[in-house]
Amino acid sequence: MSRSHPLVLGIETSCDDTACALVDAGGRVLASAVSSQLRAHRPYGGVVPEIASREHLTNWPAVSAAAFDQAGATLDDVGAVAATRGPGLIGCLLVGLSIGRAIAFARRLPFHAVHHLEGHVFSPFLSPDGAPAEEPPARFTALVVSGGHTSLLAVDEGRVSSLVETRDDAMGEVFDKVGKRLGLAYPQGPKVDLLAERGDPRRFRFRVHGVRGEPFFSYSGLKTQTLRRLEALERAGEVPAGERWDDLDAVPQAACDLLAAFRDAAVRQLESRLRHLHARRPLELLAVSGGVAANRLLRRRLERWAARNRVPLRLVPLVYAGDNAAMIAYAALLRQRRGEADDPRHVAVASRIPFPP
Ligand code: KG4
Ligand code: ZN
């Protein structure tokens, strides 16, 4: 693989994935290693912060070695270092940011403390097969859908401003909560998606409120409605209560139908907000990212919406939808091109950081 020096080393440890990536000056991803901690957290049904930070410390040597190996590179090839500064779990962030700061300081390299969301925003421009990244256009709209965020953002010459935010739960969060209540193992979002593929969304239909006044997202109402329906199905004996579904094939059809209706309403809400924005000011390009951007229905529907409305669409490649370090390295590369950098001695992590700052 041809590549241009120097490389950007990316580090991402904001939640339960330990990730290390090497991206070259053209935005080619030479390596993107992600070590998930699924097994460590599965007994608890969700991420345990204290376990997650310890796991990062344990996993980092192997994960970084794998990334350098895959890229055929050494630390001498690295020209800049980037790590996530937040938002996320504080102990987890501290591990990655401290490693990044130490490498940058010791080797006198430029350092970038990257906002996790900034990483997601530009990830749809990465290529999954080692080609250079696409140069993001000067102006575009970003939709970030993850476990912590549901945001529509306007990006203008690298500057980001908020257009639509969630007032309560994030989209991925409700996928996880609904799945957990049904008895699915962590992480629930992808399993809910899979089961919804087998369901008929027309048996239960949830209303999506249109936009009145300022647009916003809200997913807690949909979550409550879905959970109420689930209770009703349990009372009616259509779905056994208190079950743990390790075998997804055993999940009853009624539950699949409910999940299909839930997923359908969740995606219709996205479409409704996009329609609203597009009617006020046509979108120049829509870039969709975040863990929930792996959702099958979301991808199909947004492809159709974009084609109908002649909006150029960039759906994040599946490998970069969930948390990864390639997106952090690429956001840093773009910052570097704009002449931005941070002093590794004076950066701190934060569990909550507004975005845009
Ligand atoms: O971006 P990400 O890896 O981490 C955060 O920054 O939150 O997103 C993780 C979220 C989780 O809530 C997970 O359940 C959800 O993305 N997710 C999905 C799918 N794959 C991952 N939700 C719905 N459908 C999927 N296929
Ligand atoms: Zn994320």
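The values are calculated or read from the model by the stated rules, or taken from the named source; none is laboratory data. What you see is a predicted model; the values in this text were computed from it and never measured. So basically every Cβ, Gly included, is an ideal-geometry build from the backbone, and we count neighbours across all protein chains shown. For the accessible areas, the whole protein counts, side chains as well, though only heavy atoms, and no ligand, DNA or RNA atoms are used. Shrake-Rupley method; radii C 1.70, N 1.55, O 1.52, S 1.80 Å.
A Cβ distance below 7 Å, combined with a sequence gap of six or more or placement on separate chains, defines the contacts here; from the range 161-189, residues that are open to solvent by 50 Å² or more (accessible area, probe 1.4 Å) reach residues that are part of a helix (DSSP H, G or I) in the pairs L163/L277; D168/S220; D176/Q188; D176/G189; K177/K223; K180/Q188; R181/L227; R181/L230.
E303 passes every criterion in (1) farther than 18 Å from A154 by Cβ; (2) in contact (Cβ under 8 Å) with a residue 40 or more places away in the chain; (3) open to solvent by 10 Å² or more (accessible area, probe 1.4 Å); (4) touching a strand residue (DSSP E or B) at 6+ places or on another chain (Cβ under 7 Å) apart from (2). Look at (1) open to solvent by 30 Å² or more (accessible area, probe 1.4 Å); (2) of a type in the set (S, T, Y); (3) over 19 Å from S351 (Cα atoms) and you find that S98 fails only one, number (3). L117 meets each of the listed conditions (1) modelled with pLDDT of 95 or more; (2) in contact with a helix residue (DSSP H, G or I) (Cβ under 8 Å, 6 or more places away or on another chain); (3) open to solvent by less than 10 Å² (accessible area, probe 1.4 Å); (4) within 16 Å of ligand 1 (Cβ to nearest atom) apart from (2).
Going residue by residue through the range 95-105, is there one that turns out to be more than 16 Å from ligand 2 (Cβ to nearest atom), in contact with a Leu (Cβ under 8 Å, 6 or more places away or on another chain) and closer than 17 Å to R335 by Cα? For the range 95-105, residues more than 16 Å from ligand 2 (Cβ to nearest atom), in contact with a Leu (Cβ under 8 Å, 6 or more places away or on another chain) and closer than 17 Å to R335 by Cα: present.
Residues checked against (1) closer than 25 Å to L195 by Cβ; (2) modelled with pLDDT of 95 or more:
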residue: R281; (1), (2): no, no
residue: R300; (1), (2): yes, yes
residue: Y330; (1), (2): no, yes
residue: L334; (1), (2): no, yes
residue: V349; (1), (2): no, no
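Among the residues of the range 316-352, which ones are within 16 Å of ligand 2 (Cβ to nearest atom) and not in a helix (DSSP H, G or I)? Residues satisfying the conditions are V316, P317, A321, G322, D323, N324, A325, V349, A350, S351, R352. Residues in the range 272-299 that are within 12 Å of ligand 1 (Cβ to nearest atom) and in a helix (DSSP H, G or I): 8 in all.
Among the residues making up the range 131-151, those that are open to solvent by 40 Å² or more (accessible area, probe 1.4 Å), away from ligand 1 (no atom under 12 Å from the Cβ) and touching a strand residue (DSSP E or B) at 6+ places or on another chain (Cβ under 8 Å) are E134, A138, R139.
Could you go through the range 148-164 and let me know if any residue there is among the acidic types (D, E), in the same structural domain as V239 (by TED's automatic domain parsing) and within 16 Å of ligand 2 (Cβ to nearest atom). For the range 148-164, residues among the acidic types (D, E), in the same structural domain as V239 (by TED's automatic domain parsing) and within 16 Å of ligand 2 (Cβ to nearest atom): absent.
Residues of the range 231-247 that are open to solvent by 60 Å² or more (accessible area, probe 1.4 Å) and within 21 Å of Y186 (Cα to Cα): E231, A241, G242, E243, R244, D246, D247.
A residue that is at pLDDT below 95, basic (K, R) and more than 20 Å from G172 (Cα to Cα) can be found somewhere in the range 3-22.
In this entry, L109 passes the filter for residues that are farther than 15 Å from A348 by Cβ and hydrophobic (A, V, I, L, M, F, W, C).
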